[in-house]
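The block underneath contains the structure these notes are about, expressed in structure tokens.
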Amino acid sequence: MRLALAILGSALLAAWGVGFAGPYEQQVLTIAGINALAVLGYQLVFGRLGALSLAQGIFFAVGAYATGLLATRWGLSFPVTFLVSILAPMLVALVVSIPVLRLGSHYFALATLGIAQLGTLVAVNWEDVTGGANGIYGVPEIAAFGQTVPVGSAMLVLVWGLVVFGVILFGLLTQGARGARLATLERSPLAAGAIGIDAGRTRLTLFLIGAGFAGAAGALQAHAVGVVSPAVARFDVMVAILAMAVIGGRGSALGAVLGAVLLTHLPEWFRAFESYYLIAYGVAVLATVILLPSGLAGLIRRTPARPPTRPPNWVATGPLAKSQTGFARPAGLARRPPATLTVAGAGKRFGGLIALEGVDLHISPGRIIGLIGPNGSGKTTLLNLISGLERADTGRVRLDAVDISGLPANHIARLGVARCFQHPDLPGELTAFEAVLAATPGDASAVDRAADSAADRAIGCLRELGIDMLASRRVSDLAAAEQRRLEIARALATQPRVLLLDEPAAGLGENERVDLARQLRQLAEGGLGILVVEHTMDFLLPLADRVVCLVAGRRVAEGEAAEVVRDPAAISAYFGEAPA
Amino acid sequence: MRKIIVATAQIAFLAGALSSGSALAESVDIPILVPITGFISLEGTAQRNGAVQALETPPAGVSVSYEVSDTSTSPEVAVNALRRAISKGKPVAAAASIFGTQMLAMLPIAKRAGLPLITVSGTAKLTELGNPYIFRFFPGDAVVKVAHARYAVEELGAKRPAIIYQTTSYGQSGRAELARILTKLGAPPVFEEALSVKVKDMLPAITRARAAKADMLLLHLHSGSTALVVRQARGAGWDVPIVAGSAMHQPTTAALLRPAELKGVCAESASSPISESTADVKAFTAEFRKRFKTEPDAFALGQYDGIRMVLAALKDGAKDAEGVRAWLSSHTHKGLAMTYKSDGKGNMAHDALILCYDGSGNAPRIVKRYDNVDGVLE
């Protein structure tokens, strides 16, 4: 809906500009379109990844200078200068991404600010190339294939045509499963890794594309103004892009267009106030931020990805073929071959604290292993080592014959180890369907050609946990028990071969625990190996095939539940007395 | 009765239409497009005030209207302001930004629209582009930097001057000219450093200049930076003579410093309204103070003279922008600061002067005049 409005609005603005506006209004509208392109790119990085990059302004400047230099010194035509102006900032982004993309939010902001400052210094002081403070002047109007695109109607149509193209590209990158993955990556970065999202690759891709958008905008700016000066590299440009993104509506293409149009025009509307116009401008911007915290685009509710309405292609195989829900397992849910997970001699220290020492563990297909122990005994640390969120100091972790020790979390998830967290780690603004859709195998940075099957798979996972009727509800509106099931459904969407659950019964009522135990047992009967960390013994002991007890990072007991509860070491360290 | 009312209304309408038509025919539009916000707002505001004072007191028989638009500090805003001014009516000329980078962006548009731009920007490049619509009423670097360098070398005996300049088009353009002339005069700079307008701690640059054994400090900085360098150099106990750029002549710059700090400080300029003793300039200064509650400087007077020359062209029969351009290109005009004449490139001002502060107050006195430096008036 918002995407369609952005496209329609852009087309209407261009039509109004051509049909009714004078040269001045056309110029301002052209600049607004150029800003919209830069902000669209910024929405990918800041809006969708939540990364406060302060380098978008310098990417804009690189595009502007590339066009200025190539057009004035070598007289190259627009197709060449435009392409180079897009690629040059992407190349700069690629180089700077190596050190900065790994950094946390505020360090990332500071690092990109440093890059922006460096760019400004280069623009001012590398006089032989950039023209110094005078800049590069006499940038010609756009000309290609024997046609000139003069500033005015023609330039306006070109710029807003590119905005429409940019909005469509933005939509392709951020809608459906891809949008859900980006939301998960932004709101729940740990969970994103655990469901197989390659955070580094996704961040790099969007950072580069965002830089390309800025470069395109800078190139058009050079043609529209005719001069490229260090003013394009000043921090003001970055601040303007940031303000447009926030006031328009963070993360939305419509927000980029609205923010750019509004903030480009506001100073012009207030120009008659002379030196006081900045006050009027500031008041208007402040009022917008206070009255519309989600930005202008927030006035129109986001349209979530819709679950498929047609019946998926059912295939009656596996243990759920006759489940209580009456549904067979959809084709998309067909699992990969079961696998055995083996932990041998795992050890982990945090400074002087020994969190794990020489722990062995074996999870066979179709078996449920219970992991118990007092708080601080190393249970969650063990899950983190297996799932790649922590790196073991000693020992190996193998999935069948594959050594997965030290692999990144997303890689381990893709190999078939899924996990849930002690506290469900789900992006609240997504629907339940979208939260699961995010985990369906795919690549957030590539065109998802299997969107339909991914949607079928997602709804199938929700059905397997009996919560498909919640598909359209927002995650933040779900009860705790529903969120726990949703997180398991999301883990199943990764098509796991081994499932790790961290206190799945915490906070659940008795009936809910019974239901959950039944569902886990059914999953195990389908061949899935499951490791359950739990303190609720009346839930775990009847469920687990074997139980391992950890105390102070060491395995003190292992065996069938009945054996472990009688084990003196387990009783002494954990139970206190044998449970009934 | 009804016929009388209708007839009266028709007559009134006709009279109104005629009178407004008559007013439109006489009134001409001269927009003021200058930076009144941002780091160059002191100079831009002086420009604005000079232009406004000229437009508020047009010669008899000339009616003008004007609107002030802020160009801030980016070329894009200046271009928008110019396009807006052009699209709103048929201006015969425009008072245009002192900021050289903005002028470079505005010039092609002014050329396409056939609109003369009246400016006091010192950026040398502006009049080297062959654009016939630029008219600069402040001596360019080729004039004032000659006065600047000659005074330092010939009058104060500089042998090892240091140059501190700004990383703006104004700064870089002036530095190149200053270094060239100093070298020609046999006193090449021993130290050069560029400062951003954002830099507030000038001591590192001052210390390096001192370490280079400079015997004089030549500044080519905007107002705020000039005051900071002077204060911090004096604060550091470095008492070498300082010959600064035109920013130092501005009363608003001097007001930032104590008289003791100003001792031994000189500045180049096109004029200094508060230092002149002629009746015309005194009258201008008094009117300026009354109108704007501030002291006029050379930028205000240069812009005033420029707009007065446009008004003289209109008074002399120029009907439109092209007529004004032709008149400005071919006539000599005696202004308050100096006599103006185009050198064929749009450089209208050819005199410069040197002002010095003696440490007893914040008003400088004129110590040296360099008239007709480039020989155009002969």
Filtered chymotrypsin sites (Phe, Trp or Tyr not before Pro), the stretch A:42-148: DSSP coil and at most 13 other beta carbons within 10 Å: A:TRP74, A:TRP126, A:PHE145
Rg and Dmax of the stretch A:2-299, Cα atoms only, in Å: 18.4, 56
Shape category assigned to the stretch A:180-307 from the gyration tensor of Cα positions, a/c cut at 1.5: oblate
For the stretch B:258-378, Kirkwood radius (reciprocal of mean inverse C-alpha pair distance, Å): 15.7
Whole-number percent relative contact order across chain A, with pairs defined as alpha carbons under 8 Å at least 6 apart: 17
Rounded to whole Hz, the Karplus (6.51, -1.76, 1.60) HN-Hα couplings of the stretch A:347-357, x for glycine and proline: x, 8, 10, 10, x, x, 8, 8, 8, 9, 8
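How much length, in nm to one decimal, is gained on full extension between A:SER476 and A:GLN117, taken as 0.36 nm per residue of separation minus their Cα-Cα distance?
Stretched out fully, the A:SER476 to A:GLN117 stretch lengthens by 125.2 nm.
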For residues of A:133-145, the mean tally of beta carbons on other chains within 10 Å: 4
Nonlocal amide H pairs with B:ALA158, under 5 Å, H built at 1.01 Å: B:VAL153
Average beta carbon contacts from partner chains per residue of B:100-111, 10 Å cutoff: 5
Helix A:510-525 vs. chain A, principal-axis angle (Cα, 0 to 90°, nearest 10): 90
Karplus (6.51, -1.76, 1.60) ³J(HN,Hα), θ = phi - 60°, over the stretch B:352-357, in Hz, Gly and Pro reported as x: 9, 9, 10, 10, 9, 9
Free-standing Cys, the protein assembly as shown [no other Cys Cβ under 4.7 Å]: A:CYS420, A:CYS461, A:CYS549
Distance from the stretch B:60-111 to the stretch A:372-419 (C-alpha centre basis), Å: 67
Estimated FRET transfer efficiency when R0 is 41 angstrom, pair A:HIS265-B:SER277 (beta carbons, to 0.05): 0.25
Rounded if a/c under 1.5, otherwise prolate or oblate - the stretch B:168-268, Cα gyration tensor axes: rounded
For the stretch A:510-580, the Rg and Dmax computed from alpha carbons only, in angstrom: 12.8, 36
Residues with amide H under 5 Å from that of A:ASP393, placed H, sequence gap 5 or more: A:GLY347, A:LYS348, A:ARG349
Alpha-carbon centroid distance for the pair the stretch B:179-193 / the stretch A:109-177, whole angstrom: 39
Relative contact order, percent, the stretch A:2-299 [alpha-carbon distance under 8 Å, six or more residues apart]: 35
On Cα atoms only, tilt of B:279-292 relative to the major axis of chain B in degrees: 80
Loop-exposed trypsin sites (Lys or Arg not before Pro) per DSSP, neighbour cap 12 Cβ within 10 angstrom, longest uninterrupted part of chain A: A:1-300
Shape parameters for the stretch A:336-575, alpha-carbon atoms, Rg then Dmax in Å: 17.5, 57
20 °C / 1.002 mPa s Stokes-Einstein diffusion coefficient of the stretch B:25-134, Kirkwood radius on C-alpha pairs, µm²/s: 155
Degrees, to the nearest 10: B:321-330 long Cα axis against longest axis of chain B: 40
GluC sites (Glu not before Pro) within the stretch A:451-503: DSSP coil, no more than 12 neighbouring Cβ in 10 Å: none
Euclidean distance between Cα centres, the stretch A:461-508 to the stretch A:187-216, Å: 25
Residue (of A:HIS535, A:VAL475, A:ALA432) at the positive-pole extreme of the stretch A:336-575, dipole from beta-carbon charges: A:HIS535
Under 5 Å, built H, 5+ apart or other chain: amide partners of B:VAL367: B:ILE354, B:LEU355, B:CYS356
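Need one number: the % of Cα-Cα pairs in the protein assembly as shown sitting beyond the 37 Å mark.
59
No lab work stands behind these numbers, since they all come straight from the coordinates. Model, not experiment: these values are computed from the prediction. All Cβ positions, glycine included, derive from the backbone under ideal geometry; neighbour counts span all protein chains shown.
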